[in-house]
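In what follows, a single structure is set out as structure tokens and then discussed.
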Amino acid sequence: MVAQVEVPDGYRVVTLVGVESDGTPQVVQLDGTGRIVAVIQGEIEGITGPVDVTQTDSVREIQGSDGSTLRTVKLDANGQIIMVPRGQSGNYMSVDASGFLTSVMKGEYSGTPTTLAVDSSGNIVAVVKGDYGGVPKTLTTDADGRLQIVPYDPDDIWGNAIALGNAELAAVISPAHRYDRRGNLVLLDDFSGGLQGWIAAYTGTGGAAVVSTVAARSAPYSIKLTTGQNAAGNANISKYWPKPSTGRLGLEVSFAAVSTDPEVRLRFYHYDGANYHLFSIKYDFTDQDLQYLDNAAAWHTVASSLAFYPNYTSFNTMKLVVNLANNTYERAMMNSGEYDLAGIDALTVVSATAPYLAFVVFADGDNSANYTVYIDDVILTQNEPE
């Protein structure tokens, strides 16, 4: 029973009554402005009690369910949620001191998870295999990790696989066969078009520079240089070339002589607009040595006792590699020999001529007689390695 409420005369009174869970009626209260005063109760996970929240309070506690147990989410000093990540299997993920996830990657090998290997920098280390008739075959790389691929022709009549690499294939089908395959090809001339694009010259009586079919490294033509009979007698061919991007260039030439008297000389000019820089090497059939020209115009022996058979069918090859970035020699090559000239300065002479390259192939003689040298397969390369 609710008690009688007394009010002044003239007022019409309405009393709100609520019923407790046990059936007891209770008068609903109001505050001084007529607002209903209520204590709201709810049920959380079977726990009954007052809802006690201050609406102006910004502090909240976040919880997550760990099965039937509530777990409070933690924050750091900056209010960032601190978490410990776990995988689907329930295993914890590793985190380093900087907060980076550490993972162990696995691949499947015949149904068995197998850990992938990494190097000290975290790069995946892989052994790549190809399928050969159902049998995995490991692919190889060079020293820089580049895949090496060798194309194969059909087996020969004995069942042996015939391998032919790209460099070998290019060398086989090239009209002039490269002696050293380093560097990118810029010019290759086997004189099948004659002396077009070349300047022929000689010094001394009886000298000449002509196309010949008598001898050739790459058939059917070569250039026959006949040295002039003079104390400075020679015969030569030369070519001018636009200056490429600064780097290492190579000049290769093959030659054959019919006597042991002449010299064969390569000259390489680099005009840069302020100076020209002269590089030169030569082979002396008489002394049997290979020499280079230094920055004081003096010759120095690179290799001795290089005896070659003097015959118009016996072609020898030499190559000069220079560094245009700092105008120094890089290396010289002669048949099976390679000689380090790195860092040796070229001969430098002041010249305001516009930038370009020039290279000259000489046969040098003397005033005793006219000597013959056959020249073939002149090759210019750029981007030569160190």
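The values are calculated or read from the model by the stated rules, or taken from the named source; none is laboratory data. Just so it is clear, the model here is predicted, and its values are computed rather than measured. As a convention, Cβ positions derive from the backbone with ideal geometry for all residues, glycine included, and neighbour counts pool all protein chains shown.
Brief remarks follow.
- Complete set of residues in region 339-358 that are in contact with a Lys or Arg (Cβ under 6 Å, 6 or more places away or on another chain) and under 22 Å from LEU187 (Cα atoms): PRO355, TYR356, LEU357
- Summed over region 280-300, the residues that are at pLDDT 95 or above and more than 17 Å from SER336 (Cα to Cα) give a count of 10.
- Matching strands (runs of 3 or more DSSP E) fully within region 176-279 where at least 3 residues are among the hydroxyl-bearing types (Ser, Thr, Tyr): 199-205
- Per-region count, region 283-301, residues part of a strand (DSSP E or B) and surrounded by fewer than 19 Cβ atoms within 10 Å (Cβ to Cβ): 4
- Of residues in region 131-146 being over 16 Å from TYR109 (Cβ atoms) and surrounded by 10 or more Cβ atoms within 10 Å (Cβ to Cβ), the one nearest to the chain's Cα centre (by Cα): THR141
- Criterion applied to ARG217, ARG248, ARG267 was being farther than 22 Å from ASP376 by Cβ, buried (at least 16 other Cβ atoms within 10 Å of the Cβ) and among the basic types (Lys, Arg), and the one residue passing it is ARG248.
- Some residue of region 356-368 being within 24 Å of ALA257 (Cβ to Cβ) and free of Cβ contacts under 8 Å to residues at least 12 places away in the same chain: no
- Subset of region 345-386 (residues that are in a strand (DSSP E or B), charged (D, E, K, R) and within 21 Å of ARG178 (Cβ to Cβ)): ASP376, ASP377
- Yes/no for LEU225 being among the hydrophobic types (A, V, I, L, M, F, W, C), under 17 Å from LEU324 (Cβ atoms) and in contact (Cβ under 8 Å) with a residue 40 or more places away in the chain: no
- Residues that are in contact (Cβ under 8 Å) with a residue 24 or more places away in the chain and at positive phi, drawn from region 313-349: ASN327, ASN335
- Among the residues of region 58-72, just one is within 28 Å of VAL104 (Cβ to Cβ) and surrounded by 10 or more Cβ atoms within 10 Å (Cβ to Cβ), namely ARG71.
- Taken over region 305-339, the criterion of being exposed (fewer than 14 other Cβ atoms within 10 Å of the Cβ) and within 25 Å of the chain's Cα centre (by Cα) is satisfied by ALA325, ASN326.
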